[in-house]
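J.: Take this structure, written in structure tokens, and hold onto it; I'll ask about it next.
The numbers here are math on the coordinates, done by the rules we state, and not lab data. This is a predicted model, so every value here is computed, not measured. Because the Cβ atoms are built from the backbone with ideal geometry, glycine has one as well, and the counts that use them run over all protein chains shown.
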Amino acid sequence: MKSSAVVLLLVVSLPFILLQGCVSPASLDEPLTRDDQYTASQALTFDFIKQAAHSDDLSGIAWVPDTQSYYLLLNAGGFIYEVDAHFQLIREIRIKSFDDPEDLTFLGMTESGPKFAIVEERGALAVGVIPDAVFDLDREMFEIIELDLNHSGLWSPISWLMSKNKGAEGVAFNEKANVFYVAKEKWPLDVLEVSHKTMSTDSEVNPTRVFSASELDQIRSEIRDLSSIHFDADSEILYLLSDESRKILTLDLNTRRVTVIKDTLNLPQPEGMTFGEGGKLIVVSEPYFGLVLERQ
């Protein structure tokens, strides 16, 4: 694209820049509910990541109740770590050929080991098993599902220009409804839903939007980005993590109420979260930190 055309596109799109993610709380029909339900009970430093010779870009975490262990994902370093319920290292798994993996979610147990979905920033989902006692894992072992992140209906020229490295950041799974939720970081900030039944490696999958326009206004009045998402099946609540705003919000899928449940996270760059052993909410942060939150 010629420079003059880029300038013209930026000028035409300037209103989109000013409006996206900049909704005034005063303009909302209903203010957000604020209920700081969680308090920090333990700060974590994953020394095995800190001391390793490879990347320390901790991005995602998933809890596997069947094995009583957590799986930690390094975004750029090409590794997944399995740790026990006390965050002690069990094994280091080298992952190969993945394209900027950002988050993972546990889907269920198989005879070979736990099954996960791993989301890549460009919008691909890799679904497959991490076999027990395996220390090397290739992307070719996974089913790859391509998602159209621009299908949410919020696409604009400026979104396209600004969306580099602002794609899919989190993934969650609703087993009862058999759908994935994919969190898009910004430009535009959004959560997309895609049915697992309709997925095919033969064609790109078109997601639908989870939030209404008014819910998006509420959420964007409080946070500037999304870095992770988690679905709690018992309460049917979506948990939304913001790196830039260092907050956790929830959306109750039944009442559609948006709530701020953690206003300030004492972490440098919170990127992933999961519920773990004993109902604790675990948040992990670049480069190699974590925080255990317990309900008050």
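J.: Can you compute the charge dipole magnitude of the stretch 30-143 about its Cα centre, using +1 on each Lys and Arg Cβ and -1 on each Asp and Glu Cβ, nothing else charged? Give it in debye, rounded to the nearest 20. It would help to have the intermediate numbers written out before the result.
T.: On the way: 8 positive and 22 negative charges, 40 e Å.
That gives the stretch 30-143 a dipole magnitude of about 200 debye.
J.: Could you order peptides 94-106, 36-48 by the average number of other Cβ atoms within 10 Å of their residues, highest first?
T.: So the peptides 94-106, 36-48, ranked by packing, come out 94-106, 36-48.
J.: On to the next question. Could you work out how much longer the chain between residue 224 and residue 206 gets when fully extended? Use 0.36 nm per residue separation minus the Cα distance between them, nm to one decimal. Kindly include the intermediate steps, with their values, before the conclusion.
T.: Working: separation 18, 0.36 × 18 = 6.48 nm, distance 2.47 nm.
Full-extension gain reported as 4.0 nm.
J.: Quick check: residue separation of residue 85 and residue 48 times 0.36 nm, minus the Cα distance between them. What number comes out in nm?
T.: Values: separation 37, 0.36 × 37 = 13.32 nm, distance 1.56 nm.
In short, 11.8 nm is gained.
J.: Quick one: which of 50/280; 96/176; 96/166 span more than 28 angstrom between C-alpha atoms?
T.: Working: 50/280 24 Å; 96/176 31 Å; 96/166 22 Å.
Check vs 28 Å cut-off fails for 96/176.
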